[in-house]
Amino acid sequence: MGANLMRAEAGAAVAAGWKATWDLAMTGRDRTGSSTSGRTRAGQDGLAFAALERADDRVLVGAFLDGQREAFDVIVERHRRHVYQLCFRFMGNHEDASDLAQDVFVRAFKGLRNFKNEASLGTWLYRVAVNVCLNRRALKRPETEPLDPTQHVDGRIDSPLDRVIRDEKAAVVRRAIEKLPPKQRATLVLRVYQELSHEEIAAVLGSSVGAVKANFFHALGNLRRHLHGS
């Protein structure tokens, strides 16, 4: 039943005219966040779409709710990279990350009327993304991109042995992160990978700043414990 509902929602999004753009944008070179669809659309619709591209998120939400569906195209284009990256940090592979990121925008398309402007649109989308990822993780145990222990070292060319050692360490860290409780894992991903502040994470997770700090503290402690026990 849940899968059928998702397909129905996806169908509604296709009717809105943005899903095909998403599929194109999340393949090949454009997956890194560079954009071609906005330039193409601006050429088709002229100044009206160009004005939307310059508008802030609150104006875009209002325009979309007033029936200007092009505004949602701009919202997707503006936020898809960060949403995709967050999903990738949770899931560890492009297929799941792209599927879940698209699901986030399907839900946003259906639920923007519930957006209260109490937080930024980006924070609201992160909240949707975290919930979507946690729900998927409850159904499967995915591969996850690890905290890279070499990300701050110099850029010397690795030898084959260096790469083997690095990959072995990465696998250990990945398994340790997968053992964290959901809230601790979400807090760690948002803090370390997305570089959100404690206040922003609290808004995403719907908790207090104190709870976020405690979750992050315990996540690091549990991560160290799992690594030392490996």
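Counted as qualifying within segment 47-106 are the helices (runs of 4 or more DSSP H) with 3 or more residues that are among the hydrophobic types (A, V, I, L, M, F, W, C) and within 15 Å of residue 128 (Cα to Cα), namely 70-91. Please go through segment 81-98 and give me each residue that is surrounded by 16 or more Cβ atoms within 10 Å (Cβ to Cβ) and either without any contact (Cβ under 8 Å) to a residue 24 or more places away in the chain or in contact with an Asp or Glu (Cβ under 8 Å, 6 or more places away or on another chain) (or both), ordered by number. Within segment 81-98, 87, 88, 89, 91, 92, 97 meet the criteria.
Just so you know, all these numbers are worked out from the coordinates, no wet-lab data involved. These numbers were taken from a predicted model, which means no experiment stands behind them. Ideal geometry is used to build each Cβ from the backbone, glycine not excepted, and the neighbour counts take in all protein chains shown.
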